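See structure below.
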Amino acid sequence: MRLLPQSTSLSFGAGLGRALGAVLGHRREIAMYNLRIAFPDWSEAERLRTLEASCRN
C-alpha cells in the first residue's frame, strides 16, 4: 500500500538524492574521478550532468 502519491515519492527521492550528493562530497569526488576515466572525451559539464542525474536517480 502506498503512503504517498507517486509524484510526491519521486520528488522526495530526487531531493534526497541531491541532498546526499551534496553532503557526501568525498564520494562525489570519487565519482567524478571515475567518470573522467570512463569517459575521457566528455566535457566536465557532461560528467557533472551525469553525476547529478545519478544522484537524482
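The values are calculated or read from the model by the stated rules, or taken from the named source; none is laboratory data. Being a predicted model, the structure only gives us computed values, none of them experimental. In this analysis, Cβ positions are derived from the backbone assuming ideal geometry, glycine residues included, and neighbour counts consider all displayed protein chains.
Residues in the stretch 1-19 that are within 24 Å of LEU51 (Cβ to Cβ) and out of contact with any helix residue (DSSP H, G or I) (no Cβ under 7 Å at 6 or more places or on another chain): 8 in all.
Of all residues in the stretch 16-40, those that are surrounded by 10 or more Cβ atoms within 10 Å (Cβ to Cβ), modelled with pLDDT under 80 and among the small types (Gly, Ala, Ser) total 4. Can you confirm whether SER43 is modelled with pLDDT of 90 or more and over 9 Å from the mean Cα position of the chain (by Cα)? The answer is yes for SER43.
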